[in-house]
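See below for the structure under consideration.
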Amino acid sequence: MVMPNTLLEQSMNHRVTLLLKDGRVLEGKLVGFDDYMNMVLEDTEETTQERVRRLGKVILRGNNVVSIAPK
Amino acid sequence: MVMPNTLLEQSMNHRVTLLLKDGRVLEGKLVGFDDYMNMVLEDTEETTQERVRRLGKVILRGNNVVSIAPK
Amino acid sequence: MVMPNTLLEQSMNHRVTLLLKDGRVLEGKLVGFDDYMNMVLEDTEETTQERVRRLGKVILRGNNVVSIAPK
Amino acid sequence: MVMPNTLLEQSMNHRVTLLLKDGRVLEGKLVGFDDYMNMVLEDTEETTQERVRRLGKVILRGNNVVSIAPK
Amino acid sequence: MVMPNTLLEQSMNHRVTLLLKDGRVLEGKLVGFDDYMNMVLEDTEETTQERVRRLGKVILRGNNVVSIAPK
Amino acid sequence: MVMPNTLLEQSMNHRVTLLLKDGRVLEGKLVGFDDYMNMVLEDTEETTQERVRRLGKVILRGNNVVSIAPK
Amino acid sequence: MVMPNTLLEQSMNHRVTLLLKDGRVLEGKLVGFDDYMNMVLEDTEETTQERVRRLGKVILRGNNVVSIAPK
């Protein structure tokens, strides 16, 4: 059994891809998270069909996250 | 009586099909879940009318899941 | 007084029709449910105007269900 | 003071009109409800501009209900 | 300090105008409410641009209410 | 550190501008609020591109509020 | 591990960029927040494609925030 929280811990300091409820896709290095799956990403990039936008360090609210894929 | 949680336990290490609130359909091997029905899938694939996208290992937030169908 | 939970218990092993928030209509044999009205259906079919899709055994998240009609 | 719950109790075995969040209007005999305002209706009919659809006995999830009007 | 609950108590047996999340506007005599701001209105009228619809006695679910204006 | 609640207390009896989830903008004198950020405004005005509508005394449900700007 | 709350504390008195659920982007100096991630910003500016709007001091409700990027 791989608990979701355990996989998040294993993904610390690795890059992850987040899909948000509004359809945005973010990629960044996971450097922290809390019990509500709020997360802190570093070197975050938002990739859309047109371009890549660099966001740097970002706090993401857990209730806007649909899926988290460690790379 | 087959409790939803019991069926999830029985589906461990089997492939399941998830329907998400945003209409996306994911298929992958269920390797973990928690009390909020957050799930961990392996060898995940997203199938749309146009194509299949390989997502690998993914954490899904339970509150975005509409239905779970074990294969 | 017919409590909603009592009617669910009486509907066990009978076919029920579910209306989901996204407008989908599912029909299947109710074989389990929990306190959050998460449900397990067997021999589930999704009926749309165009066709019937067989879904087999399905876990439905209670917070996506609008109504449940025992047959 | 007429508490919402008291009015629901007084409406038991009477017909009520429900407005749901998705805009649907249901009418049926209220035969039960619980603390979450989940309700059981009998002889339920859904009335749209085009037609009346008979739904029989139905469990309604309280969090989809906008208003309840006893007849 | 006028607490929201205090103003509701002071509005008892007076007419209030409710704005609901779906944009509907209701006016009626407030005859009861509970801790979730579920309300009971009497002589309720729904006013749209085209017409006035008489709804009589209505239970409103608090989580669908945006604002309450005592008259 | 200016806690959100502290700023609300300091804004008592001053005019504030509220942005609601449905995009409406209200301005009024804040005369009360509770732990859920339900608020009571007096001399409330709703300003749209076309006109100003006087709403008088209004209870606002906190879960519909996006932002509060003291004047 | 950088907990989301710790990063918020470190961002105190620095400018942050907020993305809200309705797509709006706000930038301001973070001067306070609470356990629900309600925040207080000073010298807040809303930037859209057409213009910059000065909002001054603003309380933001945490459940409308998608992401927070310290500058």
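The values are calculated or read from the model by the stated rules, or taken from the named source; none is laboratory data. Since we're looking at a predicted model, the values are computed, not measured. Cβ coordinates were reconstructed from backbone atoms using ideal geometry, including for glycine residues, and neighbour counts include every protein chain displayed. Heavy atoms of the whole protein, side chains included, go into the accessibility calculation; ligands, DNA and RNA do not. Shrake-Rupley method; radii C 1.70, N 1.55, O 1.52, S 1.80 Å.
Those residues that are among the aliphatic types (A, V, I, L, M) and buried (at least 16 other Cβ atoms within 10 Å of the Cβ), I need them from region D:5-15; list them, please.
Matches in region D:5-15: D:LEU7, D:LEU8.
Quickly run through region G:62-71 and pick out the residues that are open to solvent by less than 30 Å² (accessible area, probe 1.4 Å) and facing chain F (nearest Cβ under 8 Å).
G:ASN64, the sole residue that qualifies.
Looking at E:LYS57, is it at pLDDT 95 or above, open to solvent by 40 Å² or more (accessible area, probe 1.4 Å) and either outside any strand (DSSP E or B) or within 10 Å of chain D (Cβ to nearest Cβ) (or both)?
Here the answer is yes, as E:LYS57 does meet what is asked.
Here's a check for you: in region D:16-41, which residue that is open to solvent by 50 Å² or more (accessible area, probe 1.4 Å) and in contact (Cβ under 8 Å) with a residue 12 or more places away in the chain is nearest to E:ASN64 (Cα to Cα)?
D:LYS21
Output the number of the condition that E:ASP43 fails; it satisfies all remaining conditions of (1) closer than 19 Å to D:ASN5 by Cβ; (2) touching a Gly at 6+ places or on another chain (Cβ under 6 Å).
Every condition holds for E:ASP43 apart from (1).
Keeping to region E:39-67, report how many residues are among the β-branched types (Val, Ile, Thr) and under 19 Å from D:LYS21 (Cβ atoms).
The total comes to 6.
Assuming A:THR6 fulfils every condition listed in (1) out of contact with any Gly (no Cβ under 8 Å at 6 or more places or on another chain); (2) away from chain G (no Cβ under 13 Å) apart from one, which condition is it?
All conditions pass for A:THR6, except number (1).
Within region C:24-54, track down each residue that is over 13 Å from the mean Cα position of the chain (by Cα), part of a loop (DSSP other than H, G, I, E, B) and within 13 Å of chain B (Cβ to nearest Cβ).
C:ASP35, C:TYR36
Tell me yes or no: at least one residue of region B:9-16 is closer than 27 Å to C:VAL31 by Cα, away from chain C (no Cβ under 11 Å) and at pLDDT below 95.
no
Just the residues that are among the hydroxyl-bearing types (Ser, Thr, Tyr) and assigned to a strand (DSSP E or B), please, taken from region D:1-23.
The one that is among the hydroxyl-bearing types (Ser, Thr, Tyr) and assigned to a strand (DSSP E or B): D:THR17.
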